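Structure record follows, encoded as structure tokens.
The values are calculated or read from the model by the stated rules, or taken from the named source; none is laboratory data. Fair warning: this is a prediction, and the values are worked out from it, not measured in the lab. We place every Cβ from the backbone using ideal geometry, glycine too, and count neighbours over all the protein chains shown. For the accessible areas, the whole protein counts, side chains as well, though only heavy atoms, and no ligand, DNA or RNA atoms are used. Shrake-Rupley method; radii C 1.70, N 1.55, O 1.52, S 1.80 Å.
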Amino acid sequence: MADIVESVLQYLDKNESVDSVDLAMTLKVDHQKIVGAVKSLQCLGDIIKADQKTNKSYELTDEGRQVAAKGSHEALVYQAIPQEGIPQAELMKLVPNAKIGFSKAMQAGWIRMDKAAEGGPRVFKKADFIKDTIQECLKKIENLSLDGISDKDTNDFKKRKLIQEIKLTSFIISKGENFTCSISKQEVELTPEMISKGTWKEKSFKEYNFNSLGVMPPCGHLHPLLKVRAEYRQIFLEMGFTEMPTNNFIESSFWNFDSLFQPQQHPARDAHDTFFISDPASAHEFPMDYLERVKQVHSKGGYGSQGYGYDWSLDEAKKNLLRTHTTAVTARMLYKAAQQKPFKPVKYFSIDRVFRNENLDDTHLAEFHQIEGVVADYGLTLGDLIGTINAFFMKLGIKNIKFKPAYNPYTEPSMEVFSYHEGLKKLVEIGNSGIFRPEMLLPMGLPENVTAIAWGLSLERPTMIKYKVQNIRDLIGPKVDLQMVYDNPVCRLDK
Ligand code: PHE
């Protein structure tokens, strides 16, 4: 391409103006390439002038191209005839398009026929030599020249379907105001180096082409759950929360239940509700002094609580399971924060997978993702919890949330969060929340005047609503259609 641009400029240097069609012929390149060179020169300012014009022109048909390459049908017939002649029937089999070739060659007086010959009609050459003007003309037309070709010829060729009329757009090219033979390469990118060295001032930059189509990025596609997760994550980050490390699906009963003041007889700690791990069946490493305080508060109470009054079992606490909520991670993180002296307030969140032994249906699977937020600070109240949850859901575009008293073993008070669903025309539950109990926080070693507010919700429910998925098995699991993942748009919450 650069070569052609240069050739065009060099030609213009020596000539006043030229038709792009003629130039294509002179330079022996395809006309489209000249058009391309003209277009790219036009982007560089007034180097050339190019006035568009539309000419009538002709283009060869497939048959016409064959004639241009191999010769006209009549010439092929003529050439196929040996000196001693040939039976007509044989000749007709020898050449393609023999029928039309034969009659045209007869008309032109190139061949003659002896009808009375022995063994049937026989064909002989009549002319000593022939000139295949049809082939010559078609070759010219192929190169966009009509030199020496009359209207009668072109009409003839059209009738014989060797050529067809086309409109040819060409340019009359001449020197522009800023004509030069040495064009400098145009920059397509402004680099930090050009800015720091100031060299951008001397460079010429390529103009934007706002009409060009973007290239489809050759990248992967995020699953809708991951798109929605990214949005929730962004909201937490905007609110100043830090992400908790949730990369352990297997958890001990101790962190999943005991540390949360959930008694060992609680029905959730049953195999009907929880997946226990058989190998390794139990965990061994615990902060022993803390574990001792947890045992005390369950069995005997303390910190102003009477506890549950039962024989707390270490074996039960050691049992490994697939975590049933990310609140197990929250417990670990609050314990860790409590070891920092002096205590510094924390704001944590997580979005990751949890497992429950559920009956499967259109909206429930045995695993799902939990979104969880927690703030631990001096003197937080129920008002802080309501305000924080309000701010969080406002950022999701959910206004007018309602709270309903609820029960969790580890929070008091506890509140379910409801929002009015326009489609269902009723209040639907969108989350669960509460203030962690002193029986949970004080054994960890948190100062007495520190409270922790927390809330949790599922990632699947808002994703199903956002992407209008009716059955959760269409969203996650072995039945997922990968095309669904490719086709779904980015997630935009109405924030
Ligand atoms: N862990 C709770 C659940 O599984 C959610 C929750 C988190 C509730 C934090 C209160 C506080 O539903």
| request: Would you point out the residue of region 315-346, among those that are within 13 Å of the ligand (Cβ to nearest atom) and of a type in the set (A, V, I, L, M, F, W, C), that is nearest to the chain's Cα centre (by Cα)? | output: V329
| field | Inter-residue pairs, beta-carbon under 6 Å, first within 27 Å of S458 (Cα to Cα) and in region 326-346, second away from the ligand (no atom under 14 Å from the Cβ) and of a type in the set (V, I, T), 6+ apart | value | A337/V346
| remark: Filtering strands (runs of 3 or more DSSP E) wholly in region 382-495 for at least 1 residues that are under 24 Å from H266 (Cα atoms) and in contact (Cβ under 8 Å) with a residue 40 or more places away in the chain gives 411-421, 426-436, 450-458
| request: Quickly run through region 152-176 and pick out the residues that are out of contact with any Asp or Glu (no Cβ under 7 Å at 6 or more places or on another chain), aliphatic (A, V, I, L, M) and buried (at least 17 other Cβ atoms within 10 Å of the Cβ). | output: I173
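Using the structure shown, decide if E416 is acidic (D, E), within 42 Å of the chain's Cα centre (by Cα) and more than 10 Å from the ligand (Cβ to nearest atom).
Working: acidic (D, E): yes; within 42 Å of the chain's Cα centre (by Cα): yes; more than 10 Å from the ligand (Cβ to nearest atom): no.
No.
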| request: Sort out which residues of region 452-484 are over 23 Å from the mean Cα position of the chain (by Cα), more than 16 Å from the ligand (Cβ to nearest atom) and within 27 Å of K404 (Cβ to Cβ), and write them in order of number. | output: Q470, I472
| task | Out of the residues in region 5-37 that are among the small types (G, A, S) and in a helix (DSSP H, G or I), state the one that is nearest to Q186 (Cα to Cα). | result | A37
| said: Tell me whether region 442-451 contains one or more residues that are within 16 Å of the ligand (Cβ to nearest atom), open to solvent by 20 Å² or more (accessible area, probe 1.4 Å), over 29 Å from D481 (Cβ atoms) and modelled with pLDDT of 95 or more. | reply: yes
| Residues of region 194-238 classified as more than 30 Å from V480 (Cα to Cα), open to solvent by less than 70 Å² (accessible area, probe 1.4 Å) and aliphatic (A, V, I, L, M), total | 1
| request: Give the number of residues within region 358-387 that are at pLDDT 95 or above, surrounded by fewer than 20 Cβ atoms within 10 Å (Cβ to Cβ) and among the polar types (S, T, N, Q). | output: 1
| query | So how many residues does region 265-308 have that are farther than 21 Å from R323 by Cα, crowded, with 16+ Cβ neighbours inside 10 Å and in contact with a strand residue (DSSP E or B) (Cβ under 9 Å, 6 or more places away or on another chain)? | reply | 2
| Scan of region 99-151 for residues that are open to solvent by 40 Å² or more (accessible area, probe 1.4 Å) and among the acidic types (D, E), ordered by number | D114, E118, D128, E136, E142, D147, D151
| What is the one condition in (1) of a type outside the set (D, E); (2) within 16 Å of the ligand (Cβ to nearest atom); (3) within 18 Å of R461 (Cβ to Cβ) that G434 does not satisfy? | (3)
| message | List the residue pairs whose Cβ atoms are under 7 Å apart, where the first residue sits in region 164-175 and is part of a strand (DSSP E or B), the second is among the polar types (S, T, N, Q) and open to solvent by less than 40 Å² (accessible area, probe 1.4 Å), and the two are 6 or more positions apart or on different chains. | response | Q164/T61; I166/S57; L168/S57; S170/S20; F171/S20; I173/S20
| Residue selected from region 177-193 under the condition loosely packed, with under 10 Cβ neighbours inside 10 Å and in a loop (DSSP other than H, G, I, E, B), by the criterion modelled with the lowest pLDDT | K185
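Go through P280, P263, P245 for me and flag whichever is within 30 Å of K395 (Cα to Cα), assigned to a loop (DSSP other than H, G, I, E, B) and either out of contact with any Gly (no Cβ under 8 Å at 6 or more places or on another chain) or hydrophobic (A, V, I, L, M, F, W, C) (or both). Can you show your working first?
On the way: P280 fails: within 30 Å of K395 (Cα to Cα); P263 fails: within 30 Å of K395 (Cα to Cα).
Answer to the check: P245.
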| Residue match in region 389-410 (condition: within 14 Å of the ligand (Cβ to nearest atom), under 32 Å from the mean Cα position of the chain (by Cα) and surrounded by fewer than 21 Cβ atoms within 10 Å (Cβ to Cβ)) | no
| said: Can you tell me which residue is farthest from L396 (Cα to Cα) among those in region 347-366 that are within 28 Å of the chain's Cα centre (by Cα) and away from the ligand (no atom under 12 Å from the Cβ)? | reply: R353
